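These notes are about the structure you will find just below.
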Amino acid sequence: MIEIEHLSKRYGAKTAVDDISFVVRPGIVTGFLGPNGAGKSTTMRMIMGLDTPTAGRVRVNGQEYRSFRDPLRQVGALLEAKAVHSGRSASNHLLSLAATHGIPKSRVHHVIELTGLESVAKKRVGGFSLGMGQRLGIAAALLGDPKTLILDEPVNGLDPDGVVWVRQLARHLASEGRTVFLSSHLMSEMAQTADRVVVLGRGKVLADAPIAEFVAGSGQGGGARTLVRTPHPDQLFGAVGSAASSITPREDGAFVVVGPDAQQIGTIAAQSGAVLHELTPMGASLEEAYMALTKDEVEYQAEVAR
C-alpha cells in the first residue's frame, strides 16, 4: 500500500505538487494520469525518496521508503529506463542489483525469461532499443519479487505485443495481492489495465475513483454516442441533419454519431431508405472523460495548425 498525505513539493516559486492526498491499495491496478507538468513524476520520485517533500509525507507498506533495509524486496520501480551503465550487459546489470540484496542468480534468470530478454541478456545495454530498455527496467523492478510496483510509462517504446504483455503482467501482479501503481499517456491501454485512476492537474488531485465511476461521472454532454456502419453515409447523415451535434468518421469505416440515440438513428435510416450494417450504443471513453476533466489544466498548449 502507498499512502500519500498532504504531500507538496516546491522548487523556488514553482509548486510542482500541491497538498495531494490519496491511497494506492493492494489487489488492484491504480493508474496515474495527468498532462505533462502535472506533477506525476515528481510524486513518484517522492514516493521513492529521490525527492524530499516540502510538506506532507509518504508511506509505502507502512514505512518511509528510505527506512527499508531491503528496498528491492519491498518496492520495484521503473522511473527512468535509461538509468543503467551502458557498458554492462543486461544480465550483469541485474546480477549487480541482486548482489546488493542477496538475491539468488536463479531469480535473475527468471526475470530475464519473464521479460523476454533471453536473446539480448549478454549484450551491452548501450545498444538496446527503447523497448528493450523498458523491458530491462521492468525486469529490475521485479527482481526482488516486491510487494509494491511503481511503473512510470512502462509501455513507452514497446511494440503491440509488449504493450499487451505489460497489461497482463500488471493485472496478474495485482491479482496476487500486490500494490500496482502505473502511469501512462495511452488512455485506451489504461482503460484496459487499471481498476482505479488518480488524475493530477497542475499539481492537484482532480479525481480519485474507480474507472467506471470516473467515466460515468465525467459529465460528457452533447447527447448519446452511437457507433454506426452504413454503405450510405451521405444518405443517412443528410437525413440525420442537425439532430447530431457531431459525426466523426473512424479509420475502420464506421462513424461515431453524437446526439440522437440508436433507436432514433434506426428510425431515420428506415425513413430515408439507408442501409445499416451496425448500430451500437457507446458510453463515454476514459480518454473523453480525462480530456474533459483536464482541458483547463494543461500547462503546455500548442496551437492548432491552420
Just to check your reading of the model, which residue among 30, 42 is closer than 26 Å to residue 189 by Cα, assigned to a strand (DSSP E or B) and in contact (Cβ under 8 Å) with a residue 12 or more places away in the chain?
30
For the structure I just gave you, tell me whether residue 155 is part of a loop (DSSP other than H, G, I, E, B), among the aliphatic types (A, V, I, L, M), in the same structural domain as residue 88 (by TED's automatic domain parsing) and modelled with pLDDT under 95.
yes
If residue 3 meets every condition in (1) exposed (fewer than 14 other Cβ atoms within 10 Å of the Cβ); (2) modelled with pLDDT of 95 or more; (3) acidic (Asp, Glu) apart from one, which number is that one?
(1)
Give the residue, chosen from 162, 137, that is over 14 Å from the mean Cα position of the chain (by Cα) and surrounded by fewer than 22 Cβ atoms within 10 Å (Cβ to Cβ).
162
When you check residue 197 against the structure, is it of a type outside the set (D, E, K, R), modelled with pLDDT of 90 or more and either in contact with a Lys or Arg (Cβ under 8 Å, 6 or more places away or on another chain) or farther than 19 Å from residue 294 by Cβ (or both), yes or no?
no
So residue 267, is it more than 29 Å from residue 207 (Cβ to Cβ), modelled with pLDDT of 90 or more and surrounded by 17 or more Cβ atoms within 10 Å (Cβ to Cβ)
no
Which of (1) surrounded by 15 or more Cβ atoms within 10 Å (Cβ to Cβ); (2) in contact (Cβ under 8 Å) with a residue 40 or more places away in the chain does residue 188 not meet, given it meets every other one?
(1)
Residues that are among the small types (Gly, Ala, Ser) and surrounded by 15 or more Cβ atoms within 10 Å (Cβ to Cβ), drawn from region 243-263
244, 254, 259, 262
Kindly evaluate residue 234 against the criterion of being among the acidic types (Asp, Glu) and at pLDDT below 85.
no
For residue 174, indicate whether it is farther than 17 Å from residue 33 by Cα and assigned to a helix (DSSP H, G or I).
yes
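Table: residues versus (1) closer than 22 Å to residue 159 by Cα; (2) at pLDDT below 95.
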site	(1), (2)
106	no, no
120	yes, yes
125	yes, yes
142	yes, no
145	no, no
First in region 52-80 and within 20 Å of residue 20 (Cβ to Cβ) and free of Cβ contacts under 8 Å to residues at least 60 places away in the same chain, second anywhere and crowded, with 16+ Cβ neighbours inside 10 Å and of a type in the set (Ser, Thr, Tyr), Cβ under 6 Å, 6 or more apart
54/8; 55/8; 56/8
With respect to residue 173, determine if the residue is modelled with pLDDT of 95 or more and either in contact with a helix residue (DSSP H, G or I) (Cβ under 9 Å, 6 or more places away or on another chain) or assigned by TED's automatic domain parsing to the domain that holds residue 279 (or both).
yes
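The values are calculated or read from the model by the stated rules, or taken from the named source; none is laboratory data. Keep in mind that what you see is a predicted model, and the values were worked out from it rather than measured. Virtual Cβ from ideal backbone geometry, glycine too; neighbours counted across all protein chains shown.
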